[in-house]
Each structure stands twice: as C-alpha cells, then as structure tokens.
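Each reported figure results from applying straightforward, stated rules to the coordinates on display, with no laboratory input. Worth saying up front: this structure is predicted, and the values here are computed from it rather than measured. In this analysis, Cβ positions are derived from the backbone assuming ideal geometry, glycine residues included, and neighbour counts consider all displayed protein chains.
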Amino acid sequence: PVVSERVAGLARAVRSLALGFLENIVLWHERDLSNSSFERYSIPHLLLATDQLLLDTIWVLEHLHVDVDAMRRHVEENAWLFASECFVRMLALKGVPRHEAHRLVWEAYMKAYGEKGGEKLVIEVLSRWLDEHEIGECLDPRRQLGSYRELIDRALSYAKDRVGGVCGWA
C-alpha cells in the first residue's frame with residue numbers, strides 16, 4: 001500500500017507540472033527567458049519523479065498477488081451487476097425503444113440493488129422481454145472482456161517499439 005500510494009502521489013505531482021510546460025509554449029518565440037527558470041526547476045524534478053514512478057510501478061507489479069479463485073468467485077456472484085448494458089442492447093434489438101429499455105433496466109436494477117437475491121429480481125423483470133438464452137448470454141462474464149487480449153498485445157508491442165532499446169526489452 002505504501003508504494004502504491006507513492007505512485008499515485010507522484011503521478012499527481014508529475015501531472016501538475018504539465019500546466020507550466022503548456023504555459024511556456026506561448027513564450028517559445030518571445031525574446032523573454034521567463035520560461036527557462038520554470039524549466040530549470042521542473043525538468044529535473046519531472047525526470048526524477050518519473051524515474052521513481054517507473055521503479056515503484058515495476059516493484060508493485062512484480063510483487064502483486066492475484067487470487068484468481070476469489071476474483072472468479074466474485075465475478076460469478078456479481079455478473080448481473082455488469083450486465084446492464086447488454087440487457088439494454090438486447091431489449092433494443094427486440095424492438096423496445098432505447099430510452100425505454102434504459103428506463104426498464106434502470107428501474108429493475110434500482111429495485112434489486114442491495115437486496116438479497118437481487119439478480120433474481122432483475123431476471124424476473126427482464127424475462128418479460130428476453131428469453132433464458134438471451135439473459136444467460138448477458139450474464140456470461142466473458143462477454144465483458146471484449147478484445148482485451150488484442151488491446152494488451154497492442155500496448156505491449158507499442159511499449160517495446162518505443163522504449164524497448166532503452167529498457168533492454170527484447
């Protein structure tokens with residue numbers, strides 16, 4: 001928690017420097033050196049903070065423990081909470097006007113949220129329009145993943161192309 005807290009705090013500090021750099025842009029073509037004092041102060045701080053951010057982030061990721069079974073259990077128990085967008089889409093495909101579908105799903109969720117067996121209340125309301133297969137399709141947590149593998153591969157490829165040589169990534 002301490003290292004993660006430092007990452008969050010340093011990220012905020014680094015972001016706060018952006019305003020000064022943006023304000024300096026208007027001075028690039030001026031015969032004024034008022035921007036240089038900010039840069040002399042900010043650039044070393046920015047680089048040191050970013051270096052610490054990267055080191056801390058790497059440490060957090062290397063020491064991160066993921067309890068896959070607990071995550072899977074949590075997702076399976078709460079899959080209905082993530083399915084509202086799918087329910088709205090399914091209702092719209094059935095011919096229910098989108099604003100009406102949104103209202104129906106919202107009302108069902110508001111009634112069910114915080115109630116014991118809330119999932120059953122939502123399914124009961126929506127089963128008037130959707131069959132068992134359609135409801136099951138929306139409740140499948142794998143539907144929420146989208147193209148995550150492709151996005152991760154793209155991000156890693158981009159990172160390797162940009163900083164691979166500097167960091168020694170192959």
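Which label belongs to the value computed from this structure, given these candidates for log10 I(q)/I(0) by the Debye sum over Cα atoms at q = 0.15, 0.20 Å⁻¹: (i) -0.78, -1.28; (ii) -0.86, -1.45; (iii) -0.96, -1.25? Only one listed value fits the structure, namely (iii). Computed over the chain, relative contact order equals 18 percent, with contacts defined as Cα pairs under 8 Å that lie 6+ residues apart. Ranked for footprinting exposure by Cβ neighbours inside 10 Å, fewest first, Cys138, Cys86 give Cys86, Cys138.
Sorted ascending by nearby beta carbons within 10 Å, beginning with the fewest, Ile25, Ile123 become Ile25, Ile123.
Along the chain, counting only trypsin sites (Lys or Arg not before Pro) with a DSSP assignment other than H, G, I, E or B and at most 15 other Cβ atoms inside a 10 Å radius, the longest segment between sites is 32-93.
A DSSP coil position with no more than 15 other Cβ atoms inside 10 Å describes the following GluC sites (Glu not before Pro) in the stretch 76-170: Glu115. Can you give the longest run of the chain that contains no chymotrypsin sites (Phe, Trp or Tyr not before Pro) sitting in a DSSP loop with at most 15 other Cβ atoms inside 10 Å? Between exposed loop sites, the widest span is 29-112.
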